[in-house]
Amino acid sequence: MDELLIRGAQIVDGSGAPAFTGDVGIRDGRIRVVTTEPGGQAQRVIDGTGLVLAPGFIDIHTHSDFTLPLNPRAEGKIRQGVTTEVVGNCGFSVAPALPGKAELLGDYLAASAPWLEFRETSFAQYMDAFPATSVNTIMQAGHHTLRLMAMGTDDRAPSDDELRHMQEMLEEALQAGAIGLSSGLFTTPGGYASSDEMIALGHVLRRHGGAYSSHVRDEANRVFDAVREAISVGENCGIHVQIAHLKLSGTDNWGGASELLGEIEAARERGVEVDCDQYPYTAATNPLRNLLPTWVQAGGMAAMLARLAEPETRQRLRHDIEAQGLNNFGRIASWDDVRIAISPHQPQYAGKTMGAIARERDCDPLDTVCDYLIEDQGHTRILITSMTEEDVQTILRSPTMLVGSDGTSLAPYGITGQAGVGT
Ligand SMILES: [Zn+2]
C-alpha cells in the first residue's frame, strides 16, 4: 500500500499540460502514480480538493548561501512551494577562502552577509560543511570570489599564473559539485576582468559541463553591449549562458525590453544556449557602494573609504553621475529612489531613503551618500527603484525567462526581508 495519497487535487504537472483533477500516490518517498482514477488507498490520505498540486518550484537565482546556514529550514521558500534554490549568483560565493584570505572575503561580502562567519575553506570543504537544508541547494562558484583569492582587488588583467590559479579554483569547485560559474561584471573586482578572462574561465566550464550565469557588466546605459558580451562568452566556449535578472535600469533606458529580448532570441537562433532570469520588481538591491562609479572602489574597502572623504573624489563622482547616472543602475529621478535596507553600523537608518537622510541632515544628497558609506564602513545595503513596470512585464512574458527571487531564504526565527518571501 502507498504511504501517502493526495486525493482530488488540481494537478499541474509541470509539463505544460493543462491542469486536471486527480490523485497522486507516494511509496518509498517517491511518486508511484499520478491518476485520474479515484479510489486509491494509502496509510495516510490528504484531501486535495480545491488545492493545486505541483512539483516543487525552482528558484533559479538566489543568494541564500548567505542565509541558509542560519535559516536551514527556509520557511519563507518551502511554504511557498520552492524546493530547489540556485545560489552563488552574481559572482558572489562564500568559497573558496584561501589561507589568510577569509577576512578579505568576509569584508567584501559584509554588505550582503554580515552575519556569516568566514573561515578558510576549499569549495569541497564548504559543500561538505554546508548544513542540511529543507530546500535542495545548487551551488555556483563566484567570479568575484575567485578573483579576490587570486589577485585581490587589483584593477588590472591577471598574470598567466593568476589566471591559471582562477581556473584551478573553478575546476576544484566544479569537481566538488558546483554547477558552474557566476559573474558580476557590474562591480569590483570582477568588473576589472576583460571578456577574454571570462572566456578563459568558460573553457574550464566547457570541459566540465558547467554553465555560466552573468550579472552583466552594465544593466543601464550599456545593457545591450553587456548582454552581447555574456552571449559571446557562451558562443565562444560552447556553454550555456544565463543572463541574470534581465532588466533595463535607469530612466534613459526604459522601454527597450522587447529589443533587448531580441538579442537573446537572435543568439538562440544562431544556436547559442542562452536564457535569462528575472525578479518581477521595479526595484533592485545591492551594496550602496556599487551605485558609484567603479573607480571609487579601486584598491579595496579601506582605499575607497579614504577616497570618499576627499572633496576631489566627490566632485568627480558628481560629474560622472550627472553625465552617466549611477553605476549599473543608470539615472534615477532622485536619491529618494534609494532606500537603506541593511546598515550594520547605523541600523537606525534602515528603511529611510538617502534623500530623506540628506534633508534630515540639511546636506547635499551625494555628500550624504559619501558620508554615509564612511560612517557605515562601506557595508550599507540598499533598495533602488530604477526600472519601469512595462519592461518588467515584457520580460516576464518571454519564454526564455525563468523567475528567480534574487533574494535569500528567510525564516521567522532568523533573518527576514522582502524579495525572499514576496517573489
Ligand atoms: Zn545580481
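Every read-out reported here was derived from the displayed coordinates using simple, explicitly stated rules and does not represent laboratory data. These figures come from a predicted structure and were not determined experimentally. Note that we place each Cβ from the backbone using ideal geometry, even for glycine, and neighbour counts take in every protein chain shown.
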Positive dipole terminus of the chain, leading residue within L5, C237, F130 (C-beta point charges): L5
Residue-count net charge about S405 - beta-carbon cut-off 12 Å; Lys, Arg +1, Asp, Glu -1: -3
From phi via Karplus (6.51, -1.76, 1.60), per-residue ³J(HN,Hα) for the range 29-34 in Hz, x at Gly/Pro: x, 10, 5, 8, 8, 10
Scaled radius of gyration (Cα, divided by 2.2 N^0.38 Å) that the chain gives: 1.03
Rel. contact order, % - alpha carbon contacts under 8 angstrom, at least six apart, the chain: 16
Likely footprinting exposure, T153, T36, T137, fewest C-beta neighbours within 10 Å first: T36, T153, T137
Estimated vicinal HN-Hα couplings, Hz - the range 98-113 in sequence order (Karplus 6.51, -1.76, 1.60; Gly, Pro = x): 6, x, x, 10, 5, 5, 4, 5, x, 5, 4, 8, 4, 6, 10, 9
Length-normalised contact order for the range 2-53 - Cα pairs under 8 Å, 6+ apart - percent: 49
Estimated [θ] at 222 nm from DSSP helical runs (n ≥ 4, -39500 (n - 2.57)) normalised by residues in the chain, nearest 500: -9500 deg cm²/dmol
Acute angle (nearest 10 degrees) that the helix 195-208 long axis makes with the longest principal axis of the chain, alpha-carbon atoms: 30
Acute angle (nearest 10 degrees) that the helix 257-269 long axis makes with the longest principal axis of the chain, alpha-carbon atoms: 70
P(r) weight above 24 Å for the range 286-384, C-alpha pairs, percent: 10
The chain: angle of helix 160-176 to the longest principal axis, Cα-based, in degrees nearest 10: 20
Footprinting exposure proxy for W335, W295 (fewest neighbouring C-beta atoms within 10 Å first): W295, W335
About the Cα centre, charge dipole magnitude for the range 2-53 (Lys/Arg +1, Asp/Glu -1 at Cβ), debye: 60
